[in-house]
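The values are calculated or read from the model by the stated rules, or taken from the named source; none is laboratory data. On a predicted model such as this, the values are computed, not experimentally measured, just so you know. Positions of Cβ are backbone-derived with ideal geometry, glycine not excepted, and every protein chain shown enters the neighbour counts.
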Amino acid sequence: MTLLAVDGIARSFGATVAVDGVSFGVAAGERVAMIGPNGAGKTTCFNLINGQIAPDRGRVAIDGRDTTGRSPRALQRLGVGRTFQISQVFASLTVRENVQAALVAGQGRALSPWPPLRRREAAAADRLLDQVGLAGEAERGAAALAYGDAKRLELAMVLGQGPRLLLMDEPTAGMGIDERHALMELVSGVVRGRGVGLLFTEHDMDVVFGHADRIVVLHRGRVIAAGTPAAVRADPAVREVYLGAEAPPCA
Amino acid sequence: MRLTVDAIDAYYGGARALDGVSLAAGVGEVVALLGRNGAGKSTTLKSVMGLVATRAGTIALDGVAIGGLAANARARMGIGYVPEERRIFAGLTVAENLEVGRQPPRPGAPAWTEARILALFPALAPLRHRPGERLSGGEQQMLAIARTLMGNPGLLLLDEPSEGLAPLLVAAMADAVARLKAEGLTVLLSEQNLRFAARVADRGYVLARGRVVRDGTMAELLADRDAIGRHLSIGG
Amino acid sequence: MDSALATLRLMAAEPSFALAQALTGLASASSLFLVAAGLSIVFGVTRVVNFAHGSFFMVGAYLAVTAIGWLGGGAAGFWGGVVVAVLGVGLLGVLVEVAILRRLYAAPELFQLLATFGVVLVIQDGALFLWGPEDLLGPRAPGLRGAVEIFGQRIPTYDLFLIAVGPVVLVLLWLAFRRTRWGVLVRAATADREMTAALGVDERRLFTGVFALGALLAGLGGALQVPRETANLHMDLNVIAEAFVVVVVGGMGSVVGAYLAALVIGVVHAFGILLFPKLTLVLVFLIMAVVLVIRPAGLLGERGAASRQGAPEAPLRPASARLRWTAAALFAALLALPAVAGGYVLVLAVDVAILALFAASLHLLLGPGGMISFGHAAYFGIGAYGAGLAWKWLAAPMVLGLAVAPLAAGIAGAAFGWLCARASGVYLAMLTLAYAQIAWSVAAQWLAVTGGDNGVLGLWPAPWAASPAAYYYLSLVLCGGGILALRLLVHAPFGQFLRAGRDAPRRAEALGVAVGAQQWLAFIVAGAFAGLAGGLFAYAKGSVFPTYLAIPRSVDGLVMVLLGGVQSLSGPVVGALAYVGLADELARGVALWRLVLGAAIIVLAVAFRRGLAGAVGDAAARP
């Protein structure tokens, strides 16, 4: 069953065609990586899917339901969770309150006037923090988190809402090697265990080739290759425009 | 030494970003700062440029202390800075971007003209009247370096020059750095991509949590699997 | 309305009359453009909205009158005087930039707005001191005194001269920015100040130069206005309000946009005076509101720069035992106050309580909301008028009046907040200011209902609350309860999501939070509590005047919040206390009180950005 179906989406900015008819799909329980050179349209494509911008043409569907041009908020209600390239957390809340906020928002109670946020869903929040390895940081202000920790907090917030489709923009950018693979293992466990679909972009070829079931390669706004890591690595077009002679190491 | 940094501290708000960082770079040397995001690489470069205030320690260019100078004064003394996000002036044409960087030639540093720079980056030559916002990522990176060269720097600071470039363009960037070295420029660059650093740099410093935790020639650093696993991002 | 129809009929019958009116509008547009262009250029490069720009205009006019007087009559004297005035204002601009603004470029917008408002106050009293309170009549321009007949209408030659000045200056500015190295550097610095500096450009000198150019243009606008109107002490705020509108409608930072907008506003103003003489201000601000709703960045503007919030706030912590005990002790002391203090102290205490609630309601928007409301007096005043008009027209008793006050202000908050929801940063500041000005001009000009400047008089508390002590207790309970309710709200999901939406709006949206709706509700809540404060104030003073919704009252609120510290929930209370004390002292004995207040605001914005509560907190936190 295709969880996310992207069908011929396109978007121009002035005279520049950023995305020019991109189609692919993500199944439940599948990890799909989107790669390509800078300016290939990855970010635009990602934002067309997560509702940040609307496509000029084409269609995006989640679970067979047309979601083209829906706002990020509407997509959240359909079970889409996303993380940002530069992690976005609530700097003036504690780490635990960040997760509590995600849980309370998931229940649609963001406007509630009583009781204080810090008294809601504390136990559930702590379980999620434990899962991403931030249990010891719960009382700290989120602004004080190290870069990689903020990325993990963001993941805990998203997982707390029980998403069915995860969209992650460069999930491991700026993390150490060990940290990168640990984070991707954690995500992979959720994908397999709960049958969640995962679409991510990434510059680190080790992460891409090590943790994707399928890879979609963009170039100049179009898909030039899609398939298993082995097939993409061997693809001459991909080597020519993106990977170069220096093929990434085997995973 | 062209650049000597001695025990500098820097803070963002109350958070300590650099904790006694010391390093040096000789004339014509390419030196890499290695480490993951938040380790202090960019902050070190910004401290040298004068974009982040340091609270302790000294920074000297060709033996002259520059710690108290504003960024623009340091630039006129011969420090060129290419930020991680390129920061091209989007509404200005390529020629105007170069004009912003233009400074009179300085003794002791290679003198650049627009013609020489366009010969180094021939792809920019036909784009002189194109606004910066309509350049591709690779062209923007070239323009960011070209613009800095217009100031005739003796020391070039490159923040993550390979970041976001296709593996294919990373190789071209490595060639460009080699050519600048051949011109006699000193290059201090920050990198997460160890492969790229290994290719262009003579020596490296590994940073973690605002401190230098390891330094040596690139060959020595590459041999230290433990430092690589713990502190660096993309392995060799 | 009838007169408006009559005017329309006249214009239809006599099109040349409409043309003459349009030309008058275009002539005013030139001066407005000169001011707005300077404001826009300065904003583009420094990202500072300079409230004092109108003061440069005013000083330009005064200096021109004086300088022409010195240099004697004749063409040389007149034009020489204009040049002297322009250069003098440029010098003043350099002084302001070097002494004040230079220290504020990295500060949040709010502090920049306040500091430049402080400059307005200082210059106002400075002009009063130098030139006196009388309007000064300037000479007419030699050689341009006559009139030209166009389609049977006599058009002053000087108006035609002014109409030509606009495009000439526009072209000169365009050439300066496109064809000179200085212009390229200015445009580069507009786009990325830090990067420009890193390329060896001395951005401090560049900024001083740009600021001087902006001041020069404003001074030129003022000097050229001398033959058309008297130099007076109201020129500054009058022209700055219109220049804000022009710059916002045209698009911040766009000189061409400023020119187009100045033409539109100038012409609308010229016809508006004929058609709706009482409501010209409303008309002008309505244009701005409509343009901003359709094009949030103005006609030719690019999307506004992200607003600067400064360092992130610390997480909220539950009230410590010490804070609870302090609050309880304070409350007990306040309960005992009537037993030990006389009537004057109680009246002052009522003022403090009301202003503390007003400041606390503003704090909800400024602090947790991260939204600059520069027109918060609107809600205070609408609350006061709600109570006053309910009494005047419906003979409503006090209890009902105090219920109408927050209701009316809450509804106003809903209306203004809905319109403001798309804007942020300085745009929001200007929009809220504009709406407050609309509310103010309705209150001041709708004589039949509000009594205009005479206000609503004779409003008194119910008998049971008439004694000073009783009214004091009533204010204490309502204001204390309001402040407590606001505090609880901030800790609840409502307030925490307000802070969250301020910290990372895209994250909040992606979690399913409607950030816009959250902010809109905050406007309603803040408006309602400010309205309650206004209602209490109306009964405390026994009268309601348009000044309750004027700019200075909004600034009072901002100063109180800043005195207390934006990042501190108890700040507004501390701020109100300090402010009432300061204002009381000033009003009692200082002749040039605006100068002192202005200087105090500048010092506050430049040196004590975390406020008194913040400074005290720092001291307490130090080991």
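Test each condition in (1) surrounded by fewer than 18 Cβ atoms within 10 Å (Cβ to Cβ); (2) at negative phi; (3) away from chain A (no Cβ under 14 Å) for B:ILE59 and report the one that comes out false. If we test B:ILE59 against (1) surrounded by fewer than 18 Cβ atoms within 10 Å (Cβ to Cβ); (2) at negative phi; (3) away from chain A (no Cβ under 14 Å), just (1) comes out false.
Contact map, region C:183-209: residues that are within 9 Å of another protein chain (Cβ to nearest Cβ) paired with residues that are buried (at least 24 other Cβ atoms within 10 Å of the Cβ) and basic (Lys, Arg), Cβ distance under 7 Å, separation 6+ or inter-chain. Pairs shown: C:LEU199/B:ARG147.
Here's the yes/no breakdown for (1) at pLDDT 80 or above; (2) of a type in the set (Val, Ile, Thr); (3) crowded, with 20+ Cβ neighbours inside 10 Å; (4) under 29 Å from C:MET11 (Cα atoms):
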| site | (1), (2), (3), (4) |
| --- | --- |
| C:LEU224 | yes, no, yes, no |
| C:ASP236 | yes, no, yes, no |
| C:VAL248 | yes, yes, yes, no |
| C:SER254 | yes, no, yes, no |
| C:ALA262 | yes, no, yes, yes |
| C:MET288 | no, no, yes, yes |
| C:ALA311 | no, no, no, no |
| C:ARG317 | yes, no, no, no |
| C:ARG322 | yes, no, no, no |
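Restricted to region B:60-71, and to residues that are touching a Lys or Arg at 6+ places or on another chain (Cβ under 8 Å) and free of Cβ contacts under 8 Å to residues at least 60 places away in the same chain, which residue is farthest from B:LEU185 (Cα to Cα)?
Ranking the candidates gives B:ALA70 first.
Report yes if some residue within region C:157-172 is surrounded by fewer than 20 Cβ atoms within 10 Å (Cβ to Cβ), of a type in the set (Phe, Trp, Tyr) and either in contact with a strand residue (DSSP E or B) (Cβ under 7 Å, 6 or more places away or on another chain) or more than 21 Å from C:TRP70 (Cβ to Cβ) (or both); otherwise report no. Checked against the condition, which is being surrounded by fewer than 20 Cβ atoms within 10 Å (Cβ to Cβ), of a type in the set (Phe, Trp, Tyr) and either in contact with a strand residue (DSSP E or B) (Cβ under 7 Å, 6 or more places away or on another chain) or more than 21 Å from C:TRP70 (Cβ to Cβ) (or both), region C:157-172 yields at least one hit.
Among the conditions (1) closer than 26 Å to C:GLU313 by Cα; (2) touching a residue at least 12 places away in the same chain (Cβ under 8 Å), A:GLY108 misses just one, which is (2). Selection of strands (runs of 3 or more DSSP E) fully inside region B:1-86 by the criterion of at least 1 residues being aromatic (Phe, Trp, Tyr) and modelled with pLDDT under 95 returns B:3-12. Flag: C:GLY369 matches the condition of being among the small types (Gly, Ala, Ser), more than 30 Å from C:PRO397 (Cβ to Cβ) and in contact with a helix residue (DSSP H, G or I) (Cβ under 9 Å, 6 or more places away or on another chain). Scanning region A:117-142 for residues that are of a type in the set (D, E, K, R) and either under 23 Å from the mean Cα position of the chain (by Cα) or away from every other protein chain (no Cβ under 14 Å) (or both) returns A:ASP126, A:ARG127, A:ASP130. Against the conditions (1) more than 29 Å from C:GLY73 (Cα to Cα); (2) charged (D, E, K, R); (3) loosely packed, with under 14 Cβ neighbours inside 10 Å, C:GLU149 satisfies every one except (1).
Among the residues here, A:LEU218 qualifies as more than 22 Å from A:GLN88 (Cα to Cα), in contact with a Gly (Cβ under 7 Å, 6 or more places away or on another chain) and not in a loop (DSSP other than H, G, I, E, B).
Kindly provide the set of residues from region A:156-183 that are surrounded by fewer than 24 Cβ atoms within 10 Å (Cβ to Cβ), farther than 15 Å from A:PHE84 by Cα and away from chain B (no Cβ under 13 Å), ordered by number. Listed by number, the residues that qualify are A:GLN161, A:GLY162, A:PRO163, A:ARG164. Only one of the numbered conditions (1) part of a helix (DSSP H, G or I); (2) within 13 Å of chain B (Cβ to nearest Cβ); (3) more than 24 Å from B:HIS231 (Cα to Cα) is not met by A:ARG192, and that is (2). Cβ separations smaller than 7 Å between residues 6+ apart or across chains give the following pairs from region A:17-39 residues that are at positive phi to residues that are basic (Lys, Arg): A:GLY21/A:ARG222; A:GLY29/A:ARG192; A:GLY36/A:LYS42.
Kindly establish whether A:PRO229 is free of Cβ contacts under 8 Å to residues at least 24 places away in the same chain and touching a Lys or Arg at 6+ places or on another chain (Cβ under 9 Å).
Numbers: free of Cβ contacts under 8 Å to residues at least 24 places away in the same chain: yes; touching a Lys or Arg at 6+ places or on another chain (Cβ under 9 Å): yes.
The answer is yes for A:PRO229.
Assuming C:LEU172 fulfils every condition listed in (1) touching a Leu at 6+ places or on another chain (Cβ under 7 Å); (2) more than 10 Å from chain B (Cβ to nearest Cβ) apart from one, which condition is it? Of the numbered conditions (1) touching a Leu at 6+ places or on another chain (Cβ under 7 Å); (2) more than 10 Å from chain B (Cβ to nearest Cβ), the odd one out for C:LEU172 is (1). Within region C:368-387, residues that are over 22 Å from C:PHE111 (Cβ atoms) sit with their Cβ atoms under 7 Å from residues that are of a type in the set (Val, Ile, Thr) and crowded, with 24+ Cβ neighbours inside 10 Å, at 6+ positions apart or across chains, in these pairs: C:ALA384/C:VAL544; C:TYR385/C:VAL544. Of the residues screened, C:LEU484 is one that is surrounded by fewer than 21 Cβ atoms within 10 Å (Cβ to Cβ) and within 14 Å of chain A (Cβ to nearest Cβ).
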